[in-house]
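First up is the structure itself, then whatever we jot down about it.
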Amino acid sequence: MPIDPVQPNGQDKLVVPVIREEVQVDKRIVDTGRGVRIHKTVAELPCHIDERLLRDEVEVSHVPVDRIVPLDAAPATRYEGETLVVPILEEVLVVERRVRIKEELRITRTRREEHHAETVMLKSEQVSVERFEEAGDRPPE
């Protein structure tokens, strides 16, 4: 067992107290008697204003045109006097069937007469009719 340097002879124990302080804080309301009063007055004075105000009114009218124009000839926004004209463009799909003559056939009929000679085999049937006479009339043998 090691010897404690605080103990002179190594047999008695020395106790050293350790102290810790704590604080507790409380709050309370105290009336000091110092009140404040505020009084406010508002004065209204008439003031005359005489100004001119401008107001723009716009009238919009739709004018149907329904005209097909080439793409490079589309009209732009323009003024006609005090009127601003804004064209409303619409792209429409046009499907068109056209008849194209691809080619022609030219047919010419020519009649010719030619001589033709050939040997052919023909069949011919011959018929002979034989009559038998009555039993008494026999032909001689």
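Can you tell me which residue among Pro46, Pro75, Pro64, Pro70 is of a type outside the set (S, T, N, Q) and surrounded by 10 or more Cβ atoms within 10 Å (Cβ to Cβ)?
Selected residue: Pro75, the only one of Pro46, Pro75, Pro64, Pro70 that is of a type outside the set (S, T, N, Q) and surrounded by 10 or more Cβ atoms within 10 Å (Cβ to Cβ).
Any idea which of Glu114, Glu82, Glu133 is more than 60 Å from the chain's Cα centre (by Cα) and at pLDDT 85 or above?
Every option except Glu114 fails the conditions.
Given the residues Leu45, Leu84, Leu54, which is the only one that is part of a strand (DSSP E or B), hydrophobic (A, V, I, L, M, F, W, C) and out of contact with any His (no Cβ under 9 Å at 6 or more places or on another chain)?
Of the residues listed, the single one that is part of a strand (DSSP E or B), hydrophobic (A, V, I, L, M, F, W, C) and out of contact with any His (no Cβ under 9 Å at 6 or more places or on another chain) is Leu84.
Has segment 34-49 got any residue that is in contact with a Leu (Cβ under 7 Å, 6 or more places away or on another chain) and hydrophobic (A, V, I, L, M, F, W, C)? Reasoning before the result, please.
Of the residues in segment 34-49, the ones in contact with a Leu (Cβ under 7 Å, 6 or more places away or on another chain) are none.
No, segment 34-49 contains no residue that is in contact with a Leu (Cβ under 7 Å, 6 or more places away or on another chain) and hydrophobic (A, V, I, L, M, F, W, C).
Within segment 58-79, how many residues are of a type in the set (Gly, Ala, Ser) and either in a helix (DSSP H, G or I) or touching a Lys or Arg at 6+ places or on another chain (Cβ under 8 Å) (or both)?
Of the residues in that region, 1 qualify.
With (1) on the phi > 0 side of the Ramachandran plot; (2) at pLDDT 90 or above as the list, and Glu59 as the residue in question, which single condition is left unmet?
Checking Glu59 against (1) on the phi > 0 side of the Ramachandran plot; (2) at pLDDT 90 or above, the one that fails is (1).
The values are calculated or read from the model by the stated rules, or taken from the named source; none is laboratory data. Because the structure is a prediction, the values reported are computed rather than measured. In this analysis, Cβ positions are derived from the backbone assuming ideal geometry, glycine residues included, and neighbour counts consider all displayed protein chains.
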